[in-house]
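Everything on this sheet refers to the single structure shown next.
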Amino acid sequence: MVRKINQFSHGGFIEFDKGSFDNWCVYVTRANSERFAPTDIQYFSRLKTLAKKHNARMVYDDFVVIYNRTTPEVDKRVLELISVLSRHYGKDTLEMEIWFNVLYAGMIAEENKENAVLKKRIKRLGIYQVLIENMAPEEAAAFSKGKKWTELNRLMKQKGF
């Protein structure tokens, strides 16, 4: 069941739809109608590149503002906030808005996943590792695989989230 989340100024949009595991797969449709499900590696890589240009701490702090307002439901006020935060990125405004929307939608999906213990915190760990600890996007994307939630929870608590 397709559920549109947000429309972008260039005509593209973001939505939830059925994926491999559940109905919470995040899809981006570009203005040219190309539709894709962004991977962790893909958005970690782009955010790392953009953070080199705009300051990793600023990108991370803006992400945390969105993170702190994320619940299991889409909130139009958060989408508006993402739009406002993205304006601080100059020529990269639209791209930052898209990636922040992807992260927001991904966190909503995590909040709605059955049996997920860590919920949206797992996205924060990846973003923290890429932007603050300068971990390679591929390494951050694979970091939690095979680890017990208790181990990840302890690590996140050590980092303050």
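Counting other Cβ atoms within 10 Å, keep those with at most 16, restrict to DSSP loop, and tell me which GluC sites (Glu not before Pro) in the stretch 1-99 are left. Working shown, then result.
Values: sites: E15, E34, E73, E80, E95, E97; in loops: E34, E73.
Qualifying residues, ordered by number: E34, E73.
Just the Cα atoms of the stretch 110-161, one point each, no solvent: what log10 I(q)/I(0) does Debye give at q = 0.28 Å⁻¹?
Cα-only, vacuum Debye calculation for the stretch 110-161: -1.23.
Please rank V65, V84, V130, V26, fewest neighbouring Cβ atoms within 10 Å first, as an exposure proxy.
Going from sparsest to densest Cβ surroundings: V84, V65, V26, V130.
Using DSSP H assignments, which helices in the chain have an axial alpha-carbon span of 27 Å or above and a mean Kyte-Doolittle hydropathy of -0.5 or higher?
Passing helices, by number: 93-112.
What is the magnitude of the charge dipole of the chain about its Cα centre, with +1 placed on the Cβ of each Lys and Arg, -1 on the Cβ of each Asp and Glu, and no other charges, expressed in debye to the nearest 20?
340
Among Y128, T71, A141, flag the residue with its Cα farthest along the positive direction of the charge dipole of the stretch 1-157, charges on Cβ as +1 for Lys/Arg and -1 for Asp/Glu.
Y128
So which trypsin sites (Lys or Arg not before Pro) in the stretch 106-151 are both in a DSSP loop and have at most 11 other Cβ atoms within 10 Å of their Cβ? Don't skip to the answer; put the middle values down first.
Numbers: sites: K113, K119, K120, R121, K123, R124, K145, K147, K148; in loops: K113, K119, K120, K145, K147, K148.
Here the trypsin sites (Lys or Arg not before Pro) that fit, given the DSSP loop and packing criteria, are K145, K147, K148.
Kindly provide the trypsin sites (Lys or Arg not before Pro) of the stretch 1-92 that DSSP labels as loop, not H, G, I, E or B, and whose Cβ sees at most 15 other Cβ atoms within 10 Å.
Sites meeting the loop and neighbour criteria: K18, R30.
What lysines could a cross-link reach from K123, if we take a straight Cα to Cα line under 18 Å and drop same-chain neighbours fewer than 8 places away?
Once the sequence-local lysines are set aside, what remains near K123 is K48, K113, K145, K147, K148, K157, K159.
Can you put W99, W149, W24 in order of Cβ neighbours within 10 angstrom, beginning with the fewest?
Details: W99 23, W149 14, W24 19.
Arranged by neighbour count, lowest to highest, W99, W149, W24 become W149, W24, W99.
No value in this document is a laboratory result; all are computed from the given coordinates. The shown structure was predicted, so the numbers you read here are calculated from the model rather than taken from an experiment. Here Cβ is always computed from backbone atoms with ideal geometry, including for glycine, and neighbour counts include all displayed protein chains.
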